[in-house]
Amino acid sequence: MPPTTTTPAPTPAPSGLLGRYLTHPGATTTRLLHEIGHVLAPLGTHLGPPIAAALLLAVVVVAVSRRRTAAGMASGARQVAVLAPPEVDADGASVLWSNLVALLRPAWRRATGGQPHLGFEVTAGPAGLGICLWVPATVAPGLVERAVEAAWPGAQTTTTPAVPPLPAGTSVTGGELRLGAGDHYPLKTDHRVDPLRPLLGALSGLSEHEQACVQVLARPVTGRRLRALSKAAVHRRNGRPPGRAGRLLDLATPGASGPRAHPSDVDPARPADVAAILDKAAQPCWAVTIRYAVVTDQPGRTAKAALRGRAHAVASAFAVYAGRNHLDRHRLRHPARTLAARRLGRCRPGGPFGSDPVPE
C-alpha cells in the first residue's frame, strides 16, 4: 500500500486585540495610534484653547500668590542680632536649628499661606563683624530669640526692624552657592577645626569703603522630601539612578548595573553612599540657599579688582564643606537687591538648594 500523508491542520488565526498585537505588533500599534489620533483630533480642536487658557491662568494665579506671600512675610520682618557669650558651645548650632524645625507648618497652611523661612546673616565692615537672624513677620515674636538663648546660654539678642544687609555702593559683586550633586547626598559637617575660620579670614581686613554679607536662607524640609531621601537610598543600594530622568535613561541604555550586576562591576562607594543618605534623612533637614555679596563706594578698576578678589575668597571659604556633595559657585544678578529681598524661592532636587543642616 502506498504511504498515506496527513495534512497538518491549519493554524487558527489569532483573534482579539492581544492576538493581533502578538502576531503583528508594529502594524497593530500604528493602527491603534492612528485611531486614537482620529478620536482626539476633534477634541483637541474644541478643548485645546480652553485648556491652554486655564493652564495659563493657573500659572499666573500661582505666581501672584507666591509674590503676595513673600511680600507679606517681608512686610514687618525683624532682625535678631546675636551677641555670642564668652564661651560658645560647638553643638549649639545643631540645638538651635533642631528647635526651629517647629516652624514647619501643616500641609494645608503651607498651601494657603506659604512656609516661613529664616535668614542667617554674617555682615562685615569697618566697624567689625555682626551676626543676625532675619525673621519674617509671620513668625511669633520671641520664638527665635528664646531658641537662640537656649542654644547658647549667656547669649544676648537684640530685635530691630529689618533693614537691607548692604548699603548702596558704586560697585557690587556677589554670587550664589548651589549643590553640585543631587540633594540626597550630604555636605561635610564633621570638622576637626572650626569651619568658620576660612570665612572669617575672608571677611577680615575690609577697608572703610567696603562691606560684605553672607546670607543663608533656610526653611524646614517637609516629610515628602524626607521620604524622597529614603527612596534615593533604595535606588542607590540597587545601583539605579535616584532621579526619574536618570532611571529612564538607565532603562533606555541598559548596562552592567543594578542588583544583578557582576560582582566586579559593583560600585565600591555604594554602601557608604547609602549610609550617608540614610543618616541625612534621619536628621532635621533644611532647604538652604547661600548667597554672598561685597560692595564698595570707591570707583575705579583697582577697587573692582579688589572686590572680585574678596568675593572669590568668600566663595572659596565654603570649600571646607565639600564631601560626598559640594557647593558650586554661580553668578548672581543684582546681588545687593537680591540679598535685601531675602526670598528663598523654590527648592528643586539637585537644583539651587539642598536639604542639608545649615552650616554651623
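What order, most packed first, do the peptides 335-344, 289-298, 109-118 have when packing is the mean number of other Cβ atoms within 10 Å of each residue?
Top of the packing list down: 289-298, 335-344, 109-118.
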Next item on the list: Determine, from the Cβ-Cβ distance of Arg31 and Arg337 and an R0 of 51 Å, the FRET efficiency 1/(1 + (r/R0)^6), rounded to the nearest 0.05.
Entry: 0.30
Next item on the list: Assuming R0 = 41 Å, can you tell me the calculated FRET efficiency for the pair Ile131 and Leu55, based on Cβ-Cβ distance, to the nearest 0.05?
Entry: 0.35
Next item on the list: Per residue of region 319-327, in order, report the coupling 6.51 cos²θ - 1.76 cosθ + 1.60 (Karplus, θ = phi - 60°) as ³J(HN,Hα) in whole Hz, putting x for Gly and Pro.
Entry: 5, 5, 8, 6, x, 5, 10, 8, 10
Next item on the list: Compute the FRET efficiency between Ala84 and Arg110 as 1/(1 + (r/R0)^6), taking r as their Cβ-Cβ distance and R0 = 25 Å, and round to the nearest 0.05.
Entry: 0.15
Notebook entry, point to check: Measuring from label point to label point, each 7 Å out along Cα→Cβ, what is the Leu43 to Ala269 span in nm?
Noted result: 4.7 nm
Next item on the list: Compute the separation of the alpha-carbon centres of region 177-232 and region 291-345 and state it in Å as a whole number.
Entry: 13 Å
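Taken together, the values in this text are just the output of simple stated rules run on the coordinates, not laboratory data. Computed from a predicted model, the values in this text were never measured in an experiment. Positions of Cβ are backbone-derived with ideal geometry, glycine not excepted, and every protein chain shown enters the neighbour counts.
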